[in-house]
Each structure stands twice: as C-alpha cells, then as structure tokens.
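What follows is a short report on a single structure.
Every number here is computed from the coordinates shown, using simple stated rules; none is lab data. On a predicted model such as this, the values are computed, not experimentally measured, just so you know. Cβ sites come from the backbone with ideal geometry, for glycine too, and all protein chains shown count toward neighbours.
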Amino acid sequence: MSTPAAPGSVMRGAVDLSSLRNRPSAPTAPSATTAPDGAPTGALPLVFDVTDATFGEVLELSRTVPVVIDLWAEWCGPCKQLSPVLEKVVTELGGRLVLAKVDVDANPQLAQGFRAQSIPMVLALVAGQPVPLFTGAVPEQQVRDVFAQLLQLAAQHGVTGTVPVAGADSAAAPEEPPLPPLHAEAFSAIEEGDYARAISAYEQALAENPRDADARAGLGQVRLLDRVQGADLQAARAAAAADPESIPAQFLVADLDVVGGHVDDAFGRLLELFAALPSDERAPVRERLLELFGIVGDDDARVIRARARLASLLF
C-alpha cells in the first residue's frame, strides 16, 4: 500500500494562518452539542458562521472533516449567487464536508490571513492546511467537481471523518444507489491511499464500458494524486527552474499546482513548455494538457482559455 504524502507537500496556497492558529475559541464556535442559536442538538451544523475569535476551533475540526471556507460580504452580488450553491452541495454530501462562512467586513483579520483580494473566494482546510479552490461565482456542477476532488485529496491525508447531521432522520433518509463494483473498489482504494489499485479498477471499468464518464474522470484524478504522492514542492520547483525544458520536471510542478488549486499556473507552465519544444517533442505535453483539462472540467473558464492558446500554438 502506498503511503500518503505529508499535507504540506501538496496542499499549499498563499495563505498565512499563523496569526490565527492559536486564537481561543469563543462560545459561538461550532460544537458537537450546540447549534448556532445555542440550542442543544447533539450534532454539528453543516453550515455555520466563523469569526476571527472562533477560527481556532475550525482549524481543529479540519483534522476530522474537510472544512470549506466561504469568504463573502453583504454588498457582494456574486457572493449571494454562490453561497446558496455551496450550502446546497455541502448539505447533499451529508456530513462529509462542512461549510464555514466568513464575513470579510466583520472579520478583517481572517480576510487578511487568507489574502482575499477578491470575493467570493472559496478555499478549504484539510488537517489544518489551506487548499485554494476557486474565486468568483462558478456553476453548480463545477462546485460538485471541485468538492469531489477535495474529498479525494482529504482521503489522501487521512481526513475521512464525517459529522452527524443536525436534525437528520436516518430512517427516513433516501438510500444512495450503490456504486458499480469497480467504482466502489476504486473509491475504497483511494481512501486507503492505494492509488495503483484504484487506477487498475478504473481502467478495468473503462475497458468494460469505454463511455463510462465517471470512470474516466476518476482515473484522471487518481493518476494525478498518484503522480504527486510523496513529492516535495520546493525540490520540484528547483528542479524545474534548473532545467526549463525538462518535460518530467515541468510535469511534476504542473501536477502539484493543479492539486494545490493553482490551475492557471499549471496550464501556463505547460503551454510555455509546449511552445519552447521542437514540434516532434510536443506530443507528451499536449497529452498531459488534455488530461489536466479533463480533470479541471471542459466548461471551466481556465480550461477554455488554455485550449484557445494551445490551438493557436498548434496552428
């Protein structure tokens, strides 16, 4: 079985949490026995507000379950479009994620710590480490895709807990349809960090049904996680800087950037490499770009821009 990389090696971002990590928790922070209005529930709310004072408890919670952070403000129109989408998707995931909402006007220290240059800004905390996700109001399907990748990344670092849902009636809850056997095998392997087994399961699923879009998407994601497993970001960047035309070196940094949420940086690096290489050496770079496009999503604006630039370089 593979050993997951340390969180700091793949989860990164321009976020400084040092000034907030040791803040004492206030009574309004989420707890397992108190709802936001103070009523006892015996379960965590899936969506709650977080403040400068309560952020320390949220950091600790992220060691059990991934915490999505929604930075918003009352005056922000796109925030009002995005927040209901985030709440809907988090609620449907039934406790595998929680959503912490930060009013940047009321909590300037958190806004500064997250370096929020524009809002809405969405990131996550996994094992106390920040994971940049996206900025701006994005479509619901993109939110679902990003959260699915976040859960896979969290599983890589051992954050696989769930929270009991406040007010949930397990007897009345509709049952999720079971995963196809090979998909279930792949998901189980991902949770265990055994990416080779997950890749094999997805490849077998595609061999049986080449039109299985879920298997194709899952295969791309798990191959990406397998490639970055155990990678050291600083060493990878140093190697890429020392040899700008080394395809393996540039590939690794691009993979790490995608996992870390720096998608534009990853695409830009590979497009520059594509342009610099002789035409007969470009095929692997094009194939890696197309693979990463599929992971990020064909409808993503960053993919659309990168595809246009790739087409201009091809023709």
Legend entry - Ranked list, fewest to most other Cβ atoms within 10 Å of each Cβ, for Asp52, Asp265: Asp265, Asp52
Inset, instruction - Classify region 230-283 as rounded, prolate or oblate from the Cα gyration tensor: take a ≥ b ≥ c as the square roots of its eigenvalues, call it rounded if a/c is under 1.5, otherwise prolate when a/b beats b/c and oblate if not. - result: oblate
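May I ask you to sort Lys101, Lys80 by Cβ crowding, counting other Cβ atoms within 10 Å and putting the fewest first?
Working: Lys101 17, Lys80 14.
Sorted ascending by nearby Cβ count, the order is Lys80, Lys101.
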Inset, instruction - Could you size up the charge dipole of region 204-315 around its Cα centre, putting +1 on the beta carbon of Lys and Arg and -1 on that of Asp and Glu, and report it in debye to the nearest 20? - result: 200 debye
Inset, instruction - Note down the nm distance, to one decimal, between modelled labels 7 Å out along Cα→Cβ at Gln204 and at Leu179. - result: 1.4 nm
Inset, instruction - Can you find, among Ala306, Pro181, Leu206, the residue farthest towards the positive end of the dipole of region 181-315? Put +1 on the C-beta of Lys and Arg, -1 on that of Asp and Glu. - result: Ala306
Legend entry - Highest average packing first - 146-156, 196-206, 292-302, 251-261, Cβ atoms within 10 Å: 251-261, 146-156, 196-206, 292-302
Legend entry - For peptides 273-279, 67-73, sequence by mean Cβ density within 10 Å, most packed first: 67-73, 273-279
Inset, instruction - For a footprinting-style exposure proxy, rank Val90, Val131 by other Cβ within 10 Å, fewest first. - result: Val90, Val131
